[in-house]
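Here, each number is a calculation from the coordinates, and none is a lab measurement. Computed from a prediction, not measured in an experiment: that's the story for all the values here. All Cβ positions, glycine included, derive from the backbone under ideal geometry; neighbour counts span all protein chains shown.
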Amino acid sequence: MRENQEKGRRVIKRAVKNGSTIVDDQSPPLWEGSRPWVYDGSVYRLSYEVRNERPATRYFWNLIPVQQANEDDIVQFNELPRFDREKFRLVGLGDDTVGADTSLDVGKTFVYANADRNQSALVPTLERSVIEWKSGSRARFSITGSNSTDATLKTYRYTARQLAPTVEAYGQQLRDQYTFELSGLADVERSLVNQAIAEHGYTVERGGSPPDAFWSLVETFQQHEAVADRKDGVTGGYLTAYDGQVYWTELINRNDFGRQKTTTTTEQ
């Protein structure tokens with residue numbers, strides 16, 4: 001999850017600075033319609049289009065930090081081919097991000113289009129095994145395996161659209177557009193909402209039977225537009241005003257129509 005967030009920040013930074021950016025990957029580094037991103041104080045939404053698809057090979061690799069190495073074995077990071085540098089940058093190991101305290105004892109996967117491998121200094125044949133970043137950090141790179149089964153490298157073109165100039169302005173936009181008053185509740189409904197607020201959520205365990213008040217609240221929320229109408233079992237996220245406070249509320253169905261649901265309410 002943290003790696004995906006870091007990758008997202010790098011993609012949004014380049015998309016905002018350049019108007020758009022190109023990323024080669026097996027699947028979208030960021031899914032269209034995913035949560036908004038904040039860059040330099042402003043809020044943006046990313047979108048993408050697939051520009052190309054090519055047969056590829058996955059290479060599994062390790063880095064092991066080293067202090068001493070034969071000079072003939074060392075390659076400076078900025079001397080690596082562009083394809084190789086870009087792979088490292090996307091996993092947070094670019095020349096500008098690796099410092100003296102960066103952990104280089106890692107193992108990951110790179111995917112290369114088969115047509116691009118002849119431009120790499122790392123695959124399929126390693127030319128020099130020790131990489132040195134401008135911070136002076138060194139690590140030995142090794143390929144531990146490869147796989148070309150069902151491997152496709154896609155080229156994604158990302159563009160960034162500004163949603164608001166500041167986080168505060170974006171929050172106000174959401175409140176103005178989506179907030180509805182949760183009022184006129186029956187005593188049992190109010191009791192359930194208060195419990196969800198006090199306990200940071202209300203959960204019906206798998207196999208349990210939700211009370212009628214739960215379902216009437218679900219119907220009330222679903223009469224209004226969700227801020228985030230998600231898939232993968234999440235019914236939606238809502239903004240509601242209740243007793244003078246604004247709350248972010250998620251209705252979650254963990255079991256697809258199985259009537260085991262969760263409401264989670266968090267004060268904003």
Original post:
Could you say whether any residue in segment 200-207 is out of contact with any helix residue (DSSP H, G or I) (no Cβ under 7 Å at 6 or more places or on another chain) and part of a helix (DSSP H, G or I)?
Top reply: no
Original post:
Out of all the residues in segment 71-94, which are in a loop (DSSP other than H, G, I, E, B), farther than 14 Å from L122 by Cβ and in contact (Cβ under 8 Å) with a residue 40 or more places away in the chain?
Top reply: G92
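Listed here are the residues, each with its yes/no results for (1) closer than 22 Å to F141 by Cβ; (2) in a strand (DSSP E or B).
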site	(1), (2)
I12	no, no
L30	no, no
V38	no, yes
V43	no, yes
R51	no, yes
N62	yes, yes
Q68	yes, no
**OP:** Quick one: in segment 35-75, of everything that is of a type in the set (D, E) and more than 26 Å from I12 (Cβ to Cβ), which residue is nearest to the chain's Cα centre (by Cα)?
**Re:** D73
Original post:
Could you list, in sequence order, the residues of segment 193-207 that are surrounded by 11 or more Cβ atoms within 10 Å (Cβ to Cβ) and out of contact with any Pro (no Cβ under 7 Å at 6 or more places or on another chain)?
Top reply: V193, N194, Q195, A196, I197, E199, G201, Y202, T203
Original post:
Within segment 87-105, how many residues turn out to be within 12 Å of R10 (Cβ to Cβ) and surrounded by 15 or more Cβ atoms within 10 Å (Cβ to Cβ)?
Top reply: 8
**OP:** Just one of (1) of a type outside the set (S, T, N, Q); (2) touching a strand residue (DSSP E or B) at 6+ places or on another chain (Cβ under 6 Å); (3) closer than 23 Å to N147 by Cα trips up D116, so point out which.
**Re:** (2)
